[in-house]
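Below is one structure; the comments refer to it alone.
Every number here is computed from the coordinates shown, using simple stated rules; none is lab data. Quantities reported herein were computed from a predicted structural model and do not represent experimental measurements. Because the Cβ atoms are built from the backbone with ideal geometry, glycine has one as well, and the counts that use them run over all protein chains shown.
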């Protein structure tokens, strides 16, 4: 009896060792099951980048929204109108400020204000500022070019000088339109031939004509 009990006690550890592998699968079994589960995982969807965001970040500048563009136009319109009011002021200094401000807003309305000041303002300083500001209006319309040519005969030397400088700048930026250049150069030659221009202006115009006819010298 005692031998039987002792035998049963001795057999218990071996029985446990035999059962444990069944209760806990081997590492190989775990690897296979994990591999199987991984195989069923769907790959994450690639997100398509927003081209507007990429363009904005790569260039370092934010793309304006339609609302921002509309706001800029509203502000521009207000600034042009304000400068136009300044050009009506009794103080010539205030009118000069108005003419100078319009150089930042090369719109048709701003151009009309400047052309009127260039032709009709009684102050030479205002006319000079208007002539200079018109040099920022590109591509220049024919009426601007013609008005600048007319101001080459102004009684004030500063007005004449600024008119010629602006004319040169605008013509140099219209190299794609040879017909316009030829027309303007023809008008300049006629001005010289009339002999109604001061000597320094005739020399300046002739120098420009010589340079334009020999652009590579």
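Across every pair of non-identical alpha carbons in the stretch 65-112, the mean reciprocal distance, once inverted, gives a Kirkwood radius of 11.1 Å. Diffusion of the stretch 108-165 by Stokes-Einstein, at 10 °C in a medium of 1.306 mPa s and with Rh set to the Kirkwood radius over alpha-carbon pairs, works out to 147 µm²/s.
Beyond 25 Å, how much of the Cα-Cα pair distribution for the stretch 69-213 remains, as a whole percent? Across the stretch 69-213, Cα pairs with separations above 25 Å total 28 percent. Here the peptides 88-94, 201-207 are ranked by packing, the mean other Cβ count within 10 Å, and the order with the highest first is 201-207, 88-94.
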